Every structure is written in structure tokens, then in C-alpha cells.
Amino acid sequence: MSRLWLILTSAYLLGSIPFGYLLVLIFRGEDVRRSGSGNIGATNVSRKSPMLGVLTLLLDAAKGYFAVQLATHSGLPPGDVRAERIMAAAALLGIIGHMFPVWLKFRGGKGVATALGAFLRLGPTAVGVAVVIFIVVVLIFRRISLGSIVTAALFPATVWTLNLSHDPVVLALIGVASLLIIGRHYKNILRLLSGEEPRFSLQRKGEAQ
């Protein structure tokens, strides 16, 4: 039991490392929370520096991946459903850590990149399908937030459909993570409903017609 609590606590603390905040503070001497959307995630960081945005994306995904990797040291055999549940719980705790980091008074990001890394370790096939869904939605509707919301909403069903897990506890933990991600997009949802959410474009503002 002590090992389980150590794994889950470590997953949360790993997920709570605010890489976006730290990178902007170190390389730009600024607080990324005071500009743009106020978010510490890759999208807002990229407004300061595209390179730092990419690095934030990779590091946030990596911490999600390794949060789940910690759960492989539970001492249970890989085929044991309890091991799968601990991995799913570690994924959820890593995502929660990013959203509510203890270091930033529990004010963090939306958890998309961290979830990407966590679920890549948990179910890479489902993540591949999720990435395709995200790209299709963004290309059709040209709104990144909508792509994230739709992908998160469909992810538990994707895991179940691909027969990656039918365990109700695992699916419930994944479902909670998806709901949290959707919930963190509540401002985007309000803007989508009012038609005020900005569209994604590969063109620069000066090139747009």
C-alpha cells in the first residue's frame, strides 16, 4: 500500500512541474500567466516564443508519460488488471498535477499535452486515433480548442472500441481525466457558443485576406 501511495504522489508531483512557467521565466524573465490566456501550457507559451512553446509541449507530454511509467514499478505483473488500474490512476494524477500544481497555488494548465504523454504510455493506439480525430476537427472547424474538446470527449469510447481495456475502473479513470480536460476548456466553450473563439490559421495575420 505504501508503494501505491508513493507512486500516485510521485505521479502528481511530476505532473505538477510547471515547465511552461519555468521556461518563460528563465529565458524571457517574464511570468507567462500575465499575458495571453494566462495559461502555463504550450499554446500560451508559444505566443512568447514558438521554440519555447514546442519545448513546453514536449516536456509536458514527457512528464505525463513518465508519471505512468512510475506505475510499472508497482510490483504487479503486467497482465494483472490491478497494474492497469494503477497506471490509469497515475495518468489521472499526472494530469491533475498539471492542472492544479501545488507550486503555483493550484492554478495550472488545461492538461492536453500531459494527457497526450500519459495516454501514449497507457494506450498508444488510442492516442494515434485521437491525434487523427484532433487534426480532422481542427482542419474542418479551424479551432484548436474544439479539437481538444472533441478528442477528449471521444477518448474513453476510443479506448473501449479498440478493445484496449474493458475494465470499468480503468475506463472510469480515463473518463474523469477527459471530463477534467473538457472542464478546463470552459472559457473556450463559452466563446465557441458565442462565436467569439478565434480560428486557427497557418497564415500570418499580415497575409490573411
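In deg cm²/dmol and to the nearest 500, what is the mean residue ellipticity at 222 nm of the chain if only DSSP H runs of at least 4 residues count, each as -39500 (n - 2.57), divided by the residue total?
Numbers: 10 runs with 144 residues, N = 209.
After summing the helix terms and dividing by residue count, I get -22500 deg cm²/dmol.
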Per residue value of the accessible surface for the chain (all protein chains in place, 1.4 Å probe), Å²:
55
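Among residues other than ILE135 whose Cβ falls under 14 Å from its Cβ, what is the net charge (Lys/Arg +1, Asp/Glu -1)?
Numbers: positive: ARG142, ARG143; negative: none.
It works out to a net charge of +2.
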State the three equivalent ellipsoid semi-axes of the range 69-158, derived from the C-alpha gyration tensor as the square roots of 5 times its eigenvalues, in descending order and whole Å.
26, 19, 8
Checking ASN188, ASN163, ASN44 against a Gaussian network model of the chain (alpha-carbon springs below 10 Å), the top fluctuating residue turns out to be ASN163
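Relative contact order of the range 59-209, please, whole-number percent, based on alpha carbon pairs below 8 angstrom and at least 6 residues apart. Write out the running numbers ahead of the final one.
On the way: 189 pairs, mean separation 34.5, N = 151.
That works out to 23 percent.
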Sites removed, the longest contiguous part of the chain containing no DSSP-loop chymotrypsin sites (Phe, Trp or Tyr not before Pro) with at most 16 other Cβ within 10 Å is 1-105
For the range 128-138, 3J(HN,Hα) per residue [Karplus equation, 6.51 cos²θ - 1.76 cosθ + 1.60, θ = phi - 60°, Hz, x = Gly/Pro]
x, 5, 4, 5, 5, 4, 4, 4, 4, 5, 5
Whole-percent carbon and sulfur share, accessible surface of the chain, 1.4 Å:
67
Give the residue list of trypsin sites (Lys or Arg not before Pro) in the range 116-169 that are DSSP loop and have at most 16 other beta-carbon atoms within 10 angstrom.
ARG142
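Rounded to a whole number of µm²/s, how large is the Stokes-Einstein D of the range 1-55 at 10 °C and 1.306 mPa s, given Rh as the Kirkwood radius over C-alpha pairs?
Numbers: Rh = 12.1 Å.
D = 131 µm²/s.
The values are calculated or read from the model by the stated rules, or taken from the named source; none is laboratory data. Keep in mind the model is a prediction, meaning the values are calculated, not measured. Note that we place each Cβ from the backbone using ideal geometry, even for glycine, and neighbour counts take in every protein chain shown. For the accessible areas, the whole protein counts, side chains as well, though only heavy atoms, and no ligand, DNA or RNA atoms are used. Shrake-Rupley method; radii C 1.70, N 1.55, O 1.52, S 1.80 Å.
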